[in-house]
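A.B. asks: Below is a structure I'd like to ask you about.
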Amino acid sequence: MKIKKKVLIILISISIVILIAVIFFVISPKVRFIENLEVPINKEYYNLDAIKNIKNGKIISNKERIDTSKLGNIEITIEIKNILGISKKYKTKIKIVDTEAPNIIYKNILTTQIGKEIDLLNGVEVSDNSNEKINVVVEGEYDFNKTGEYLLYYVAKDSSGNIKKEKFTLKVLANGVNESYFTTSKGFSGVIKNGVTYIDGYLVVNKTYSLPSTYGNGLTKETMDAFNELKSAALLDGFNIYIASGFRSYDRQVTLYNNYVKRDGKNAADTYSARPGHSEHQSGLTFDVNEVSDKFHNTPEANWLKDNCYKYGFILRFPNGKDKETGFKYESWHFRYVGKELAKKLYNDGDWLTMEEYFGILSIYED
């Protein structure tokens, strides 16, 4: 009997221990962290964000922001309390990583003349989210002693192996050729060749970009051919459109502008008359039609042109309400030839865009 009693006591004790273990297991907090957690450098991240889910427990650790400014592993400790009020600390690791390539600031076109070497890295800047110092190298073949265009690359690599590669062009020009290049705020490529500015291949004249005094000798054939097509279409619809003022030379613009200044003052003249060298009329791509005055506004002819000129490659160069963009007041009679493709874009379903808005350029006199 004594042996049986001892066995019973042992079995009961074991049962109690097992029961306690089961209860403890059931009520013990169960924490799952996000596995293989990687956090981008400098990203806003908090210690509690590492927890995937929790059972049978309550987080008693405060929410704290983790320092993610340096690459590497960080250990996180989270304290959790069970239903009996017993707390326990759990640990996990997160890895701060850099998956973002460096950023390169550069000019997409560089120019020099044959035989004149230039520093291709001059003015090039590179930055990275890890704030480390990163060098830029140039990849590609080029020869300062041979004219031509060379397609090259700026390449930057950070310590995490992220690589940024940016394409640029080196132009080696013959002696006597004068060219400079720029990029507009909308990302269009611009070039100034012997004093004449082209953006995305289109000649641009406004208060910022001028023409040499010797430029131009009349309306271009392409402009006249397009106008004749427009004129014929207008006649079919019952409208007579004719050119009232076409090409104007630099010298002619000197006379006109000075007369306007004498009559109305410089500030007023600058709102409706271009200074010499800044007039589109000198480009050979622009003309005024019919009546060159505000009386032409809202006439049937003006309304027809506003709605149809783009079909023939022309734009309403100074739309109503766009004085700040163009630098000139609304001129319902002033049209510029740009070709059908660009004209359709600027027509913008009837809500005219200016060349300044589209290309991302200014029209402001320097003085």
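The values are calculated or read from the model by the stated rules, or taken from the named source; none is laboratory data. This one's a predicted model, so the numbers in the text were calculated from it and none came from an experiment. Here the Cβ positions follow ideal geometry from the backbone for every residue, glycine too, while neighbour counts run over all protein chains shown.
A.B. asks: Return the pair list, or none, for Cβ contacts closer than 7 Å from residues in the stretch 235-260 that are among the basic types (Lys, Arg) to residues that are at pLDDT 95 or above and assigned to a helix (DSSP H, G or I), at least 6 apart or on different chains.
C.D. replies: Matching pairs, first to second residue: Arg248/His281; Arg248/Gln282.
A.B. asks: Any idea which of (1) closer than 19 Å to Asp225 by Cα; (2) over 28 Å from the mean Cα position of the chain (by Cα) is the one Lys295 doesn't satisfy?
C.D. replies: (1)
A.B. asks: Is it the case that Leu170 is more than 30 Å from Ile41 (Cβ to Cβ) and exposed (fewer than 12 other Cβ atoms within 10 Å of the Cβ)?
C.D. replies: The answer is no for Leu170.
A.B. asks: With Ser232, Ser245, Ser185 as the choices, which residue is in contact with an Asp or Glu (Cβ under 6 Å, 6 or more places away or on another chain) and not aromatic (Phe, Trp, Tyr)? Steps first, answer last, please.
C.D. replies: Values: Ser232 fails: in contact with an Asp or Glu (Cβ under 6 Å, 6 or more places away or on another chain); Ser185 fails: in contact with an Asp or Glu (Cβ under 6 Å, 6 or more places away or on another chain).
Criteria check complete, one pass: Ser245.
A.B. asks: Criterion first (of a type outside the set (Phe, Trp, Tyr), surrounded by 19 or more Cβ atoms within 10 Å (Cβ to Cβ) and assigned to a loop (DSSP other than H, G, I, E, B)) does His278 satisfy it?
C.D. replies: On the way: of a type outside the set (Phe, Trp, Tyr): yes; surrounded by 19 or more Cβ atoms within 10 Å (Cβ to Cβ): yes; assigned to a loop (DSSP other than H, G, I, E, B): yes.
Judged against the criteria, His278 is a match.
A.B. asks: Still on this structure: Can you find even one residue in the stretch 345-358 that is among the aromatic types (Phe, Trp, Tyr), under 19 Å from the mean Cα position of the chain (by Cα) and farther than 15 Å from Glu280 by Cα? Walk me through how you get there before you give the answer.
C.D. replies: So in the stretch 345-358, the residues among the aromatic types (Phe, Trp, Tyr) come out as 347, 352, 358.
Going one step further and asking which of them are under 19 Å from the mean Cα position of the chain (by Cα), we end up with 358.
Within this subset, residues satisfying the condition of being farther than 15 Å from Glu280 by Cα are 358.
Yes, there is a match, as at least one residue in the stretch 345-358 is among the aromatic types (Phe, Trp, Tyr), under 19 Å from the mean Cα position of the chain (by Cα) and farther than 15 Å from Glu280 by Cα.
A.B. asks: Is it the case, given these coordinates, that Ile76 is closer than 30 Å to Gly148 by Cα and either in contact (Cβ under 8 Å) with a residue 24 or more places away in the chain or aliphatic (A, V, I, L, M) (or both)? Walk me through it before giving the result.
C.D. replies: Values: closer than 30 Å to Gly148 by Cα: no; either in contact (Cβ under 8 Å) with a residue 24 or more places away in the chain or aliphatic (A, V, I, L, M) (or both): yes.
Answer is no for this residue.
A.B. asks: Kindly provide the set of residues from the stretch 121-132 that are β-branched (Val, Ile, Thr) and either assigned to a strand (DSSP E or B) or under 10 Å from Asp158 (Cβ atoms) (or both), ordered by number. Spell out the reasoning first.
C.D. replies: Of the residues in the stretch 121-132, the ones β-branched (Val, Ile, Thr) are 124, 126.
Residue satisfying the conditions is Val126 alone.
A.B. asks: Can you find a residue in the stretch 281-301 that is within 25 Å of Asp237 (Cα to Cα), part of a helix (DSSP H, G or I) and in contact with a helix residue (DSSP H, G or I) (Cβ under 9 Å, 6 or more places away or on another chain)? Full working, then the answer.
C.D. replies: As a first pass, look at the stretch 281-301 and keep what is within 25 Å of Asp237 (Cα to Cα): 285-301.
Filter once more, keeping what is part of a helix (DSSP H, G or I): 294-296, 300-301.
If we keep only those that are in contact with a helix residue (DSSP H, G or I) (Cβ under 9 Å, 6 or more places away or on another chain) as well, we get 296, 301.
Scanning the stretch 281-301, I find at least one residue that is within 25 Å of Asp237 (Cα to Cα), part of a helix (DSSP H, G or I) and in contact with a helix residue (DSSP H, G or I) (Cβ under 9 Å, 6 or more places away or on another chain), so the answer is yes.
A.B. asks: If you don't mind, another one. Name the residues in the stretch 147-157 that are more than 14 Å from Ile109 (Cβ to Cβ) and either at pLDDT 90 or above or part of a strand (DSSP E or B) (or both), would you?
C.D. replies: Let us first name the residues in the stretch 147-157 that are more than 14 Å from Ile109 (Cβ to Cβ), namely 147, 155-157.
Scanning the stretch 147-157 gives Val155, Ala156, Lys157.
A.B. asks: Might you let me know whether the stretch 60-74 holds any residue that is at pLDDT below 85 and surrounded by 13 or more Cβ atoms within 10 Å (Cβ to Cβ)?
C.D. replies: Yes, some residue in the stretch 60-74 is at pLDDT below 85 and surrounded by 13 or more Cβ atoms within 10 Å (Cβ to Cβ).
A.B. asks: Part of a helix (DSSP H, G or I) and farther than 28 Å from Glu325 by Cβ - does that describe any residue in the stretch 242-250?
C.D. replies: The initial filter retains those residues of the stretch 242-250 that are part of a helix (DSSP H, G or I), namely 250.
The next check asks that each one be farther than 28 Å from Glu325 by Cβ; those that pass are none.
Within the stretch 242-250 (the criterion being part of a helix (DSSP H, G or I) and farther than 28 Å from Glu325 by Cβ), the answer is no, since none of the residues qualifies.
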